[in-house]
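Comments concern the structure below.
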Amino acid sequence: MENFVIYNPVKLHFGNGVTGKLGNIAASFGKKAMLVYGKGSVKTNGSYDQAVNSLRSADMDIIEYAGIRPNPVVEDVDEAAQLGRKEGVDMVVAVGGGSVLDSAKYIALTIPVNHSCWDFVVGDKKPREALPMMGVLTLAATGSEMNAVAVVQNNNEKKKMGYGHPLMFPKHSFLDPGFTCSVPKTHTAYGIVDLIAHALEGWFGDGDASLTDKFIVSIIREAMEYGPKLMKDLTSYTLRAKIMYAATMALNGMTAQGKRSGDWGTHTIGHSMSVLWDIPHGASLSIAFPAWLSLQKKRIPNRIRTLGSAVFDVHNAEDTIDELKGFFEQLGSPVRLAQAGITTDEKAQEDLLEVMRINKVSGLHHKLSHEDHQYLVSQMF
Ligand code: NZQ
Ligand code: ZN
(Lines give C-alpha, C1' and ligand atoms only; values in the text may rest on other atoms or scores of the structure.)
(Ligands and ions follow the chains in the order given, each with its own letter.)
Protein backbone atom coordinates (compact mmCIF):
# COMPACT_ATOMS: atom_id res chain seq x y z
CA MET A 1 0.00 0.00 0.00
CA GLU A 2 1.28 3.50 -0.90
CA ASN A 3 1.50 6.45 1.50
CA PHE A 4 -1.54 8.67 1.17
CA VAL A 5 -3.31 11.78 2.44
CA ILE A 6 -7.08 12.05 2.75
CA TYR A 7 -8.23 15.60 2.16
CA ASN A 8 -11.76 16.38 1.05
CA PRO A 9 -13.12 19.69 2.33
CA VAL A 10 -16.49 19.53 0.50
CA LYS A 11 -19.44 19.92 2.84
CA LEU A 12 -22.02 17.68 1.20
CA HIS A 13 -25.71 18.06 2.06
CA PHE A 14 -27.70 15.00 0.98
CA GLY A 15 -31.45 14.46 1.01
CA ASN A 16 -34.90 15.80 0.41
CA GLY A 17 -35.10 19.58 0.58
CA VAL A 18 -31.42 20.27 1.36
CA THR A 19 -31.28 23.06 -1.26
CA GLY A 20 -33.30 25.18 1.15
CA LYS A 21 -30.03 25.69 3.08
CA LEU A 22 -28.25 27.20 0.06
CA GLY A 23 -29.21 30.85 0.66
CA ASN A 24 -27.96 31.21 4.22
CA ILE A 25 -24.78 29.31 3.45
CA ALA A 26 -24.14 31.39 0.31
CA ALA A 27 -24.70 34.60 2.29
CA SER A 28 -21.76 33.64 4.50
CA PHE A 29 -19.49 33.98 1.43
CA GLY A 30 -20.75 37.35 0.14
CA LYS A 31 -23.69 39.21 -1.35
CA LYS A 32 -23.71 38.53 -5.09
CA ALA A 33 -23.94 35.07 -6.66
CA MET A 34 -23.53 34.00 -10.25
CA LEU A 35 -26.03 31.24 -10.95
CA VAL A 36 -24.85 28.90 -13.71
CA TYR A 37 -27.03 26.31 -15.42
CA GLY A 38 -27.53 24.39 -18.64
CA LYS A 39 -30.14 24.38 -21.34
CA GLY A 40 -33.19 24.53 -19.14
CA SER A 41 -33.87 21.17 -17.43
CA VAL A 42 -33.40 22.94 -14.09
CA LYS A 43 -36.51 25.00 -14.78
CA THR A 44 -38.71 21.90 -14.97
CA ASN A 45 -37.37 19.74 -12.14
CA GLY A 46 -37.71 22.28 -9.33
CA SER A 47 -34.01 22.80 -8.68
CA TYR A 48 -33.84 26.29 -10.19
CA ASP A 49 -36.86 27.52 -8.22
CA GLN A 50 -35.58 26.08 -4.94
CA ALA A 51 -32.09 27.50 -5.42
CA VAL A 52 -33.32 30.96 -6.43
CA ASN A 53 -35.94 31.11 -3.67
CA SER A 54 -33.37 30.12 -1.09
CA LEU A 55 -30.85 32.72 -2.34
CA ARG A 56 -33.53 35.43 -2.47
CA SER A 57 -34.78 34.66 1.00
CA ALA A 58 -31.21 35.25 2.23
CA ASP A 59 -31.28 38.61 0.44
CA MET A 60 -28.66 37.63 -2.12
CA ASP A 61 -28.20 39.39 -5.46
CA ILE A 62 -28.24 36.96 -8.38
CA ILE A 63 -26.94 37.19 -11.92
CA GLU A 64 -27.37 34.27 -14.29
CA TYR A 65 -25.32 32.50 -16.93
CA ALA A 66 -27.44 29.92 -18.77
CA GLY A 67 -26.78 27.60 -21.69
CA ILE A 68 -23.85 25.44 -20.55
CA ARG A 69 -23.71 22.53 -22.99
CA PRO A 70 -23.31 18.86 -22.12
CA ASN A 71 -19.58 18.21 -22.75
CA PRO A 72 -18.89 21.85 -21.84
CA VAL A 73 -16.67 24.07 -23.95
CA VAL A 74 -13.97 26.63 -23.16
CA GLU A 75 -15.81 29.49 -24.90
CA ASP A 76 -18.82 29.27 -22.58
CA VAL A 77 -16.66 29.11 -19.48
CA ASP A 78 -14.59 32.12 -20.58
CA GLU A 79 -17.70 34.11 -21.50
CA ALA A 80 -19.28 33.37 -18.12
CA ALA A 81 -16.06 34.29 -16.31
CA GLN A 82 -15.96 37.61 -18.17
CA LEU A 83 -19.52 38.35 -17.12
CA GLY A 84 -18.77 37.41 -13.50
CA ARG A 85 -15.69 39.65 -13.50
CA LYS A 86 -17.65 42.58 -14.91
CA GLU A 87 -20.46 42.10 -12.41
CA GLY A 88 -18.12 41.68 -9.45
CA VAL A 89 -19.73 38.47 -8.21
CA ASP A 90 -18.62 36.99 -4.90
CA MET A 91 -19.31 33.33 -5.69
CA VAL A 92 -20.46 30.87 -8.33
CA VAL A 93 -23.47 28.59 -7.77
CA ALA A 94 -23.98 25.73 -10.24
CA VAL A 95 -27.38 24.10 -10.71
CA GLY A 96 -27.28 21.08 -12.99
CA GLY A 97 -25.29 17.99 -13.95
CA GLY A 98 -21.56 17.41 -14.14
CA SER A 99 -21.14 19.71 -17.13
CA VAL A 100 -22.58 22.64 -15.21
CA LEU A 101 -20.62 21.87 -12.04
CA ASP A 102 -17.38 21.45 -14.00
CA SER A 103 -17.97 24.73 -15.84
CA ALA A 104 -18.71 26.51 -12.56
CA LYS A 105 -15.42 25.25 -11.10
CA TYR A 106 -13.51 26.76 -14.02
CA ILE A 107 -15.57 29.96 -13.92
CA ALA A 108 -14.73 30.38 -10.22
CA LEU A 109 -11.05 29.88 -11.05
CA THR A 110 -11.04 32.18 -14.09
CA ILE A 111 -12.99 35.20 -12.75
CA PRO A 112 -9.98 36.44 -10.71
CA VAL A 113 -7.63 36.35 -13.74
CA ASN A 114 -7.51 37.85 -17.21
CA HIS A 115 -6.92 34.81 -19.38
CA SER A 116 -8.77 31.75 -20.63
CA CYS A 117 -9.53 28.81 -18.36
CA TRP A 118 -7.69 26.68 -20.93
CA ASP A 119 -4.35 28.14 -19.75
CA PHE A 120 -4.93 26.37 -16.43
CA VAL A 121 -5.92 23.12 -18.13
CA VAL A 122 -2.76 22.90 -20.23
CA GLY A 123 -0.53 24.07 -17.38
CA ASP A 124 0.51 27.46 -18.84
CA LYS A 125 -0.85 29.21 -15.74
CA LYS A 126 -1.15 28.12 -12.12
CA PRO A 127 -4.19 29.19 -10.12
CA ARG A 128 -3.56 31.27 -6.98
CA GLU A 129 -7.14 31.90 -5.91
CA ALA A 130 -10.72 31.02 -6.78
CA LEU A 131 -14.13 32.36 -5.88
CA PRO A 132 -16.16 30.08 -3.63
CA MET A 133 -18.10 27.59 -5.76
CA MET A 134 -21.21 25.65 -4.71
CA GLY A 135 -23.24 23.05 -6.57
CA VAL A 136 -26.86 21.91 -6.63
CA LEU A 137 -26.61 18.58 -8.42
CA THR A 138 -29.42 17.35 -10.69
CA LEU A 139 -27.82 14.29 -12.31
CA ALA A 140 -26.03 11.39 -10.62
CA ALA A 141 -22.94 10.45 -12.60
CA THR A 142 -19.66 12.32 -12.50
CA GLY A 143 -18.79 12.79 -8.83
CA SER A 144 -17.86 16.40 -9.62
CA GLU A 145 -19.89 17.43 -6.55
CA MET A 146 -17.24 16.01 -4.24
CA ASN A 147 -13.96 16.30 -6.10
CA ALA A 148 -11.54 18.98 -7.27
CA VAL A 149 -11.52 18.01 -10.95
CA ALA A 150 -13.28 19.49 -13.96
CA VAL A 151 -13.30 18.49 -17.61
CA VAL A 152 -13.64 20.93 -20.50
CA GLN A 153 -13.52 20.69 -24.26
CA ASN A 154 -11.53 22.87 -26.66
CA ASN A 155 -13.06 22.35 -30.09
CA ASN A 156 -10.44 24.46 -31.90
CA GLU A 157 -7.71 22.19 -30.62
CA LYS A 158 -9.90 19.05 -30.79
CA LYS A 159 -9.05 18.31 -27.17
CA LYS A 160 -11.06 17.41 -24.10
CA MET A 161 -9.05 17.48 -20.91
CA GLY A 162 -9.49 17.22 -17.19
CA TYR A 163 -7.64 19.35 -14.69
CA GLY A 164 -7.65 19.30 -10.92
CA HIS A 165 -6.53 21.66 -8.18
CA PRO A 166 -7.46 21.87 -4.49
CA LEU A 167 -8.96 25.33 -5.17
CA MET A 168 -11.57 23.55 -7.30
CA PHE A 169 -13.32 21.66 -4.50
CA PRO A 170 -16.89 22.93 -4.15
CA LYS A 171 -17.33 24.62 -0.76
CA HIS A 172 -20.78 23.02 -0.42
CA SER A 173 -22.73 20.58 -2.57
CA PHE A 174 -26.47 20.03 -2.29
CA LEU A 175 -27.71 16.62 -3.41
CA ASP A 176 -31.47 16.20 -3.45
CA PRO A 177 -32.20 12.89 -5.19
CA GLY A 178 -35.70 14.21 -5.98
CA PHE A 179 -34.19 16.56 -8.58
CA THR A 180 -32.79 13.58 -10.46
CA CYS A 181 -36.21 11.94 -10.91
CA SER A 182 -36.67 13.86 -14.17
CA VAL A 183 -33.44 12.59 -15.75
CA PRO A 184 -34.51 10.66 -18.88
CA LYS A 185 -33.87 6.95 -19.27
CA THR A 186 -30.87 7.50 -21.56
CA HIS A 187 -28.96 9.78 -19.22
CA THR A 188 -29.95 7.72 -16.18
CA ALA A 189 -28.23 4.75 -17.85
CA TYR A 190 -25.20 6.85 -18.82
CA GLY A 191 -24.88 8.04 -15.22
CA ILE A 192 -24.85 4.45 -13.95
CA VAL A 193 -22.22 3.54 -16.56
CA ASP A 194 -20.11 6.56 -15.60
CA LEU A 195 -20.09 5.75 -11.90
CA ILE A 196 -19.16 2.13 -12.61
CA ALA A 197 -16.44 3.35 -14.98
CA HIS A 198 -14.99 5.58 -12.24
CA ALA A 199 -14.85 2.63 -9.88
CA LEU A 200 -13.21 0.55 -12.62
CA GLU A 201 -10.59 3.22 -13.32
CA GLY A 202 -9.67 2.84 -9.65
CA TRP A 203 -9.67 -0.96 -9.89
CA PHE A 204 -7.28 -0.94 -12.87
CA GLY A 205 -5.05 1.71 -11.33
CA ASP A 206 -1.52 1.31 -10.10
CA GLY A 207 -0.90 -0.06 -6.64
CA ASP A 208 -2.26 -2.51 -4.14
CA ALA A 209 -4.80 -1.50 -1.49
CA SER A 210 -7.16 -4.33 -0.61
CA LEU A 211 -9.65 -2.27 1.42
CA THR A 212 -9.87 0.28 -1.39
CA ASP A 213 -10.55 -2.59 -3.79
CA LYS A 214 -13.40 -3.69 -1.51
CA PHE A 215 -14.85 -0.16 -1.57
CA ILE A 216 -14.67 -0.29 -5.37
CA VAL A 217 -16.42 -3.64 -5.57
CA SER A 218 -19.14 -2.45 -3.18
CA ILE A 219 -19.82 0.62 -5.30
CA ILE A 220 -20.07 -1.45 -8.49
CA ARG A 221 -22.30 -4.05 -6.84
CA GLU A 222 -24.59 -1.33 -5.46
CA ALA A 223 -24.94 0.17 -8.95
CA MET A 224 -25.57 -3.26 -10.46
CA GLU A 225 -28.19 -4.15 -7.86
CA TYR A 226 -30.18 -0.92 -7.97
CA GLY A 227 -29.35 0.49 -11.41
CA PRO A 228 -31.62 -1.93 -13.33
CA LYS A 229 -34.40 -1.41 -10.76
CA LEU A 230 -34.12 2.34 -11.26
CA MET A 231 -34.31 1.91 -15.04
CA LYS A 232 -37.78 0.41 -14.50
CA ASP A 233 -38.89 2.95 -11.92
CA LEU A 234 -37.35 6.28 -12.89
CA THR A 235 -39.26 8.40 -10.40
CA SER A 236 -38.43 6.33 -7.30
CA TYR A 237 -36.82 8.69 -4.79
CA THR A 238 -35.33 5.72 -2.90
CA LEU A 239 -33.62 4.28 -5.96
CA ARG A 240 -32.47 7.70 -7.15
CA ALA A 241 -30.94 8.27 -3.71
CA LYS A 242 -29.02 4.99 -3.81
CA ILE A 243 -27.55 5.73 -7.24
CA MET A 244 -26.76 9.34 -6.35
CA TYR A 245 -24.87 8.29 -3.23
CA ALA A 246 -22.97 5.60 -5.16
CA ALA A 247 -22.00 8.07 -7.90
CA THR A 248 -20.60 10.53 -5.38
CA MET A 249 -18.55 7.85 -3.61
CA ALA A 250 -17.18 6.53 -6.91
CA LEU A 251 -15.08 9.64 -7.52
CA ASN A 252 -14.46 11.48 -4.26
CA GLY A 253 -11.02 10.03 -3.60
CA MET A 254 -11.92 6.88 -1.68
CA THR A 255 -11.36 4.60 -4.69
CA ALA A 256 -7.77 5.87 -4.98
CA GLN A 257 -6.57 5.69 -1.37
CA GLY A 258 -3.41 3.63 -1.00
CA LYS A 259 -2.83 3.41 -4.76
CA ARG A 260 -0.33 5.33 -6.87
CA SER A 261 -3.06 6.32 -9.34
CA GLY A 262 -6.18 5.21 -11.11
CA ASP A 263 -5.78 4.30 -14.77
CA TRP A 264 -8.10 6.70 -16.67
CA GLY A 265 -7.13 5.39 -20.12
CA THR A 266 -10.74 4.52 -20.89
CA HIS A 267 -11.83 8.04 -20.01
CA THR A 268 -9.32 9.48 -22.47
CA ILE A 269 -10.81 7.24 -25.18
CA GLY A 270 -14.31 8.46 -24.25
CA HIS A 271 -13.19 12.09 -24.32
CA SER A 272 -12.01 11.63 -27.92
CA MET A 273 -15.51 10.48 -28.90
CA SER A 274 -16.93 13.51 -27.15
CA VAL A 275 -14.67 15.86 -29.14
CA LEU A 276 -15.50 14.23 -32.43
CA TRP A 277 -19.19 13.41 -32.15
CA ASP A 278 -20.42 15.02 -28.93
CA ILE A 279 -21.39 11.61 -27.57
CA PRO A 280 -22.71 11.80 -23.97
CA HIS A 281 -19.91 10.97 -21.55
CA GLY A 282 -21.42 7.79 -20.06
CA ALA A 283 -22.33 6.45 -23.50
CA SER A 284 -18.75 6.90 -24.65
CA LEU A 285 -17.58 4.82 -21.70
CA SER A 286 -19.94 1.88 -22.29
CA ILE A 287 -18.41 1.72 -25.78
CA ALA A 288 -14.81 2.21 -24.66
CA PHE A 289 -14.62 -0.04 -21.60
CA PRO A 290 -15.38 -3.40 -23.25
CA ALA A 291 -12.87 -2.56 -26.01
CA TRP A 292 -10.20 -1.57 -23.47
CA LEU A 293 -10.78 -4.76 -21.46
CA SER A 294 -10.54 -6.82 -24.59
CA LEU A 295 -7.16 -5.18 -25.31
CA GLN A 296 -5.99 -5.90 -21.76
CA LYS A 297 -7.31 -9.44 -21.36
CA LYS A 298 -4.00 -11.11 -22.25
CA ARG A 299 -1.93 -8.50 -20.41
CA ILE A 300 -3.75 -8.46 -17.06
CA PRO A 301 -5.98 -11.57 -17.10
CA ASN A 302 -5.80 -12.06 -13.34
CA ARG A 303 -6.86 -8.52 -12.52
CA ILE A 304 -9.86 -8.83 -14.86
CA ARG A 305 -10.72 -12.28 -13.53
CA THR A 306 -10.56 -11.10 -9.90
CA LEU A 307 -13.01 -8.35 -10.77
CA GLY A 308 -15.30 -10.89 -12.46
CA SER A 309 -15.25 -13.15 -9.39
CA ALA A 310 -16.02 -10.27 -7.03
CA VAL A 311 -18.73 -8.62 -9.10
CA PHE A 312 -20.30 -11.16 -11.46
CA ASP A 313 -19.39 -14.51 -9.93
CA VAL A 314 -17.58 -15.56 -13.12
CA HIS A 315 -14.03 -16.82 -13.12
CA ASN A 316 -12.17 -15.81 -16.25
CA ALA A 317 -11.37 -12.58 -18.07
CA GLU A 318 -13.47 -13.35 -21.17
CA ASP A 319 -16.64 -13.98 -19.15
CA THR A 320 -16.00 -10.86 -17.06
CA ILE A 321 -15.88 -8.71 -20.19
CA ASP A 322 -19.05 -10.34 -21.57
CA GLU A 323 -20.87 -9.75 -18.28
CA LEU A 324 -19.91 -6.09 -18.11
CA LYS A 325 -20.86 -5.53 -21.73
CA GLY A 326 -24.14 -7.35 -21.16
CA PHE A 327 -24.86 -5.15 -18.16
CA PHE A 328 -24.29 -1.96 -20.15
CA GLU A 329 -26.56 -3.34 -22.91
CA GLN A 330 -29.22 -4.22 -20.35
CA LEU A 331 -29.20 -0.59 -19.22
CA GLY A 332 -29.64 0.50 -22.83
CA SER A 333 -26.25 2.18 -23.13
CA PRO A 334 -24.40 1.64 -26.43
CA VAL A 335 -21.46 -0.78 -26.59
CA ARG A 336 -20.56 0.04 -30.19
CA LEU A 337 -20.33 3.36 -31.99
CA ALA A 338 -22.99 2.35 -34.49
CA GLN A 339 -25.45 2.04 -31.60
CA ALA A 340 -24.66 5.67 -30.74
CA GLY A 341 -25.65 6.68 -34.26
CA ILE A 342 -22.11 7.07 -35.63
CA THR A 343 -21.48 6.15 -39.26
CA THR A 344 -19.02 3.32 -39.27
CA ASP A 345 -17.05 4.07 -42.43
CA GLU A 346 -13.29 4.18 -42.87
CA LYS A 347 -13.19 7.99 -42.59
CA ALA A 348 -14.86 7.89 -39.17
CA GLN A 349 -12.27 5.36 -37.99
CA GLU A 350 -9.42 7.54 -39.27
CA ASP A 351 -10.93 10.62 -37.65
CA LEU A 352 -11.16 8.86 -34.30
CA LEU A 353 -7.58 7.62 -34.54
CA GLU A 354 -6.41 11.15 -35.29
CA VAL A 355 -8.30 12.67 -32.34
CA MET A 356 -6.98 9.91 -30.07
CA ARG A 357 -3.47 10.84 -31.22
CA ILE A 358 -4.10 14.56 -30.57
CA ASN A 359 -5.47 13.78 -27.11
CA LYS A 360 -2.54 11.46 -26.33
CA VAL A 361 -4.98 8.72 -25.36
CA SER A 362 -3.33 6.53 -22.73
CA GLY A 363 -3.67 5.39 -19.15
CA LEU A 364 -1.68 6.56 -16.16
CA HIS A 365 -0.92 2.91 -15.41
CA HIS A 366 -1.59 0.97 -18.62
CA LYS A 367 0.10 2.93 -21.41
CA LEU A 368 -1.46 2.73 -24.86
CA SER A 369 0.54 2.68 -28.11
CA HIS A 370 -0.56 3.63 -31.62
CA GLU A 371 -1.15 -0.08 -32.35
CA ASP A 372 -3.34 -0.23 -29.24
CA HIS A 373 -5.34 2.72 -30.57
CA GLN A 374 -5.85 0.86 -33.85
CA TYR A 375 -7.04 -2.23 -32.00
CA LEU A 376 -9.39 -0.20 -29.79
CA VAL A 377 -10.91 1.57 -32.79
CA SER A 378 -11.47 -1.77 -34.54
CA GLN A 379 -13.30 -3.04 -31.46
CA MET A 380 -15.55 -0.02 -31.02
CA PHE A 381 -16.91 0.21 -34.57
O1 NZQ B 1 -28.55 21.24 -20.16
P2 NZQ B 1 -29.69 20.76 -19.32
O3 NZQ B 1 -31.00 21.29 -19.76
O4 NZQ B 1 -29.43 20.96 -17.86
O5 NZQ B 1 -29.83 19.18 -19.58
C6 NZQ B 1 -28.88 18.21 -19.13
C7 NZQ B 1 -28.05 17.65 -20.27
O8 NZQ B 1 -28.75 17.69 -21.48
C9 NZQ B 1 -29.64 16.99 -18.66
N10 NZQ B 1 -30.06 17.02 -17.26
C11 NZQ B 1 -29.31 17.29 -16.16
N12 NZQ B 1 -30.05 17.14 -15.05
C13 NZQ B 1 -31.30 16.80 -15.46
C14 NZQ B 1 -31.31 16.72 -16.86
N15 NZQ B 1 -32.42 16.42 -17.57
C16 NZQ B 1 -33.54 16.18 -16.88
N17 NZQ B 1 -33.61 16.22 -15.52
C18 NZQ B 1 -32.51 16.51 -14.79
N19 NZQ B 1 -32.59 16.52 -13.45
O20 NZQ B 1 -28.75 15.92 -18.85
C21 NZQ B 1 -27.88 16.18 -19.94
C22 NZQ B 1 -26.47 15.81 -19.57
O23 NZQ B 1 -26.00 16.64 -18.55
P24 NZQ B 1 -24.44 16.69 -18.18
O25 NZQ B 1 -24.25 17.65 -17.08
O26 NZQ B 1 -23.66 16.88 -19.43
O27 NZQ B 1 -24.18 15.19 -17.71
P28 NZQ B 1 -23.14 14.58 -16.70
O29 NZQ B 1 -23.52 14.85 -15.31
O30 NZQ B 1 -22.98 13.19 -17.12
O31 NZQ B 1 -21.78 15.40 -16.98
C32 NZQ B 1 -20.94 15.06 -18.04
C33 NZQ B 1 -19.68 15.90 -18.03
O34 NZQ B 1 -18.89 15.67 -16.85
C35 NZQ B 1 -17.55 15.33 -17.22
C36 NZQ B 1 -17.75 14.65 -18.55
O37 NZQ B 1 -16.56 14.57 -19.30
C38 NZQ B 1 -18.79 15.54 -19.21
O39 NZQ B 1 -18.18 16.67 -19.78
N40 NZQ B 1 -16.91 14.54 -16.16
C41 NZQ B 1 -16.53 15.18 -15.04
C42 NZQ B 1 -15.83 14.53 -14.03
C43 NZQ B 1 -15.41 15.23 -12.81
N44 NZQ B 1 -15.60 16.52 -12.68
O45 NZQ B 1 -14.88 14.62 -11.90
C46 NZQ B 1 -15.46 13.13 -14.15
C47 NZQ B 1 -16.21 12.39 -15.20
O48 NZQ B 1 -15.48 11.26 -15.57
C49 NZQ B 1 -16.52 13.17 -16.41
O50 NZQ B 1 -15.40 13.18 -17.28
ZN1 ZN C 1 -16.54 9.68 -16.10
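The values are calculated or read from the model by the stated rules, or taken from the named source; none is laboratory data. From a predicted model like this one, the values you see are computed outputs, not experimental measurements. Cβ: placed from backbone, ideal geometry, glycine included. Neighbour counts: every protein chain shown. For accessibility, only protein heavy atoms count, side chains too; no ligands or nucleic acids. Shrake-Rupley method; radii C 1.70, N 1.55, O 1.52, S 1.80 Å.
With the full set of protein chains in place, find how many percent of the accessible area of the chain is carbon and sulfur; take the probe as 1.4 Å.
For the chain, the apolar C and S fraction of the accessible surface comes to 50 percent.
Could the peptides 274-282, 89-97, 217-225, 161-169 be put in order, highest first, of the mean number of other beta-carbon atoms found within 10 Å of their residues?
89-97, 274-282, 217-225, 161-169
With every protein chain present, what is the per residue accessible area of the stretch 11-179 (1.4 Å probe, Å²)?
On the way: 6460 Å² over 169 residues.
That works out to 38 Å² for each residue.
Quick one: which of 14-25, 227-238 comes out on top by average Cβ neighbours within 10 Å, and what's the full order, highest first? Show your work: numbers first, answer last.
Values: 14-25: 17.2, 227-238: 15.2.
For the peptides 14-25, 227-238, the packing ranking is 14-25, 227-238.
Can you tell me the mean projection area, over all orientations, of the convex hull of the stretch 163-212's alpha carbons? Units nm², please. Present the calculation step by step, with values, prior to reporting the outcome.
Numbers: hull surface 22.9 nm².
Result: 5.7 nm².
Accessible surface of Tyr226 in the full protein assembly, 1.4 angstrom probe, to the nearest 10 Å²?
Spelled out: Tyr226, probe radius 1.4 Å, area about 40 Å².
Please report, largest first and rounded to whole Å, the three semi-axes of the ellipsoid equivalent to the stretch 88-133, where each semi-axis is the square root of five times an eigenvalue of the C-alpha gyration tensor.
18, 13, 7
Taking the Cα centre as origin and putting +1 on Lys and Arg beta-carbons and -1 on Asp and Glu beta-carbons, what dipole magnitude results for the chain, to the nearest 20 debye?
Charge dipole of the chain: 580 debye, to the nearest 20.
Which of these, Arg85, Arg299, Arg240, has the largest mean-square fluctuation under a Gaussian network model of the chain (Cα springs below 10 Å)?
Of Arg85, Arg299, Arg240, the Gaussian network model singles out Arg299 as fluctuating most.
Can you tell me the FRET efficiency between Arg357 and Ser378 if r is taken as the Cβ-Cβ distance and R0 is 25 Å, rounded to the nearest 0.05? Display every interim value, and only then the final one.
Numbers: r = 16 Å, r/R0 = 0.63.
The formula returns an efficiency of 0.95 here.
Quick one: helix 47-57 against the long Cα principal axis of the chain, what's the angle to the nearest 10°, folded into 0 to 90?
Value to nearest ten degrees: 30.
Lys232 versus Glu371, label points 7 Å from Cα toward the beta carbon: distance in nm?
The modelled label-to-label distance comes out at 4.7 nm.
Could the peptides 30-36, 206-212, 40-46, 262-268 be put in order, highest first, of the mean number of other beta-carbon atoms found within 10 Å of their residues?
Values: 30-36: 21.4, 206-212: 14.6, 40-46: 16.7, 262-268: 23.4.
Output ranking for 30-36, 206-212, 40-46, 262-268: 262-268, 30-36, 40-46, 206-212.
Using only Cα atoms and rounding to the nearest 10 degrees, what angle (0 to 90) does helix 185-203 make with the longest principal axis of the chain?
Between the helix axis and the principal axis of the chain, the angle is about 70 degrees.
Over all alpha-carbon pairs in the stretch 185-380, figure out the percentage whose distance exceeds 29 Å.
18 percent
Express as a percent, rounded to the nearest 5, the fraction of DSSP beta bridges in the chain (both residues included) that run antiparallel.
Taking every DSSP beta bridge with both residues in the chain, the antiparallel ones total about 25 percent.
Run a plain Debye calculation on the stretch 260-313 (Cα atoms as equal point scatterers, no solvent) and give log10 I(q)/I(0) at q = 0.16, 0.21 Å⁻¹, rounded to two decimals, same order as the q list.
For the stretch 260-313 at q = 0.16, 0.21 Å⁻¹, log10 I(q)/I(0) is -0.56, -0.83.
Find how many whole Å separate the alpha carbon centroid of the stretch 34-108 from the alpha carbon centroid of the stretch 254-314.
Rounded to whole Å, the Cα centres lie 31 Å apart.
Using just the alpha carbons, could you tell me how many Å³ per residue the convex hull of the stretch 241-336 encloses? It would help to have the intermediate numbers written out before the result.
Values: hull volume 12.2 nm³, N = 96.
Enclosed volume per residue, from the Cα hull, is 127 Å³.
Working from Cα positions, state the angle (0 to 90°, nearest 10) between the long axis of helix 265-277 and the longest principal axis of the chain.
Taking the Cα atoms of the chain, the angle to 265-277 is about 70 degrees.
Can you compute the FRET efficiency between Glu225 and Asn114 using 1/(1 + (r/R0)^6), with r the Cβ-Cβ distance and R0 = 41 Å? Round to the nearest 0.05. Let's see the in-between values first.
Details: r = 50 Å, r/R0 = 1.21.
Plugging the Cβ-Cβ distance into 1/(1 + (r/R0)^6) gives 0.25.
Might you work out the accessible area of Ile300 for me, using a 1.4 Å probe with all protein chains in place, and round it to the nearest 10 Å²?
Approximately 30 Å² for this residue.
Report the Stokes-Einstein translational diffusion coefficient (µm² s⁻¹, integer) for the chain, Rh taken as the Kirkwood radius over Cα pairs, at 25 °C with viscosity 0.890 mPa s.
117 µm²/s
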